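Below you'll find the structure, written out as structure tokens, and then a few comments.
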Amino acid sequence: RAASAGESSEWAQLAACLHPGVSVRLPLSRIPSKSYAHVKRVFDITFSAGAVVILSPVLLACAVAVKATSPGPVLFRQERWGRAGERFECIKFRTMLVETPPDMPAQDFADKAAFMTPVGDFLRRWSLDELPQLANILKGDMSVIGPRPVIIRERRLIDLRIPLNAEAVRPGLTGWAQINGRNLVSDEEKAFLDGEYVANMSLAFDARVFFRTLAVVFSRRGIDGDAQRDGDGVPY
């Protein structure tokens, strides 16, 4: 649908806040071309298959570390919103104890560290817990680049994203919002950035997100807002 004058004004204010001094194309509820979607899918399959092979020692080491330091399954599985509102099971390395209250907001924990596995903080800080999602990409539930998959109960964020068409593409292992604040942006800003990604999605833009993601991971910027961390029993 067309954006109202009020929505356009709100988007312009968010753009000025998130990208000060930079002219950006506002989200226009535009669906990317099908031709690029096919190219993107080929890249996703090629990249994720190659990454599984190259990173197999890292994947094995993470799995062994989780199993050796905490009783319970190696993987954490959680239902997420996917493309066009379809639900899928997102997988990660488990970073919290099995007795952690399910879907409990991080801010409600008196001592969240008490529920973290011995290697959980390390896996999260270096985003290693996300690597099993390479399987989600191969399966077709996710893409390498795209809006991050939202936890089912986060209805407010979902409702904010729908008018911006952020649900029109596969959710990503990393995304535009993750390199523009990661966990330090509000739901409104996150939804705007996800819509902005869809409105500008292209090979060049995906490459930009990918390489900036590497810089963010190695610098560990934007991880301090742990109350917003996407994880086991913790909201995105």
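The values are calculated or read from the model by the stated rules, or taken from the named source; none is laboratory data. Just so we're clear, the structure is a prediction, and the values are computed from it rather than from any experiment. Virtual Cβ from ideal backbone geometry, glycine too; neighbours counted across all protein chains shown. Heads up: the accessible areas ignore ligands, DNA and RNA and are worked out on the full protein's heavy atoms, side chains in. Shrake-Rupley method; radii C 1.70, N 1.55, O 1.52, S 1.80 Å.
With a 1.4 Å probe and all protein chains left in place, how much accessible area per residue does the stretch 57-162 have, in Å²?
Working: 4920 Å² over 106 residues.
On a per-residue basis, the stretch 57-162 sits at 46 Å².
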Inset, instruction - For K92, go through the lysines and keep the ones whose alpha-carbon is under 24 Å away, minus same-chain ones fewer than eight residues off. - result: K40, K67, K112, K139, K190
Inset, instruction - Figure the gain on full extension for I45 and L203 (residue separation times 0.36 nm, minus the Cα-Cα span) and round it to one decimal in nm. - result: 55.4 nm
Inset, instruction - Could you tell me what percent of the accessible area of the stretch 63-199 is made up of carbon and sulfur, with a 1.4 Å probe and every protein chain present? - result: 58 percent
Legend entry - List L123, L214, ordered by accessible area with a 1.4 Å probe, largest first: L214, L123
Inset, instruction - Note down the relative contact order for the stretch 130-216 as a percent, whole number, built from C-alpha pairs under 8 angstrom at least six residues apart. - result: 33 percent
Inset, instruction - Set the Förster radius R0 to 30 Å, insert the Cβ-Cβ distance between V74 and E10 as r into 1/(1 + (r/R0)^6), and round the FRET efficiency to 0.05. - result: 0.10
Legend entry - Pairwise label distance in nanometres, F210 with V98, each label 7 Å out on the Cα-Cβ vector: 3.8 nm
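Where the eigenvalues come from the Cα gyration tensor of the stretch 36-75, what are the semi-axes √(5λ) of the equivalent ellipsoid, largest first, in whole Å? Each step should come with its number before you reach the end.
Numbers: eigenvalues 184, 26, 4 Å².
Semi-axes (√(5λ), whole Å): 30, 11, 4.
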Inset, instruction - Using θ = phi - 60° and the Karplus relation 6.51 cos²θ - 1.76 cosθ + 1.60, list the HN-Hα couplings for the stretch 74-79 in order, rounded to whole Hz, with x at every Gly or Pro. - result: 6, 9, 10, 10, 8, 6
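Give me the orientation-averaged projected area of the Cα convex hull of the stretch 84-209, in nm², one decimal. Working shown, then result.
Working: hull surface 32.2 nm².
Computed as one quarter of the Cα hull surface, the answer is 8.0 nm².
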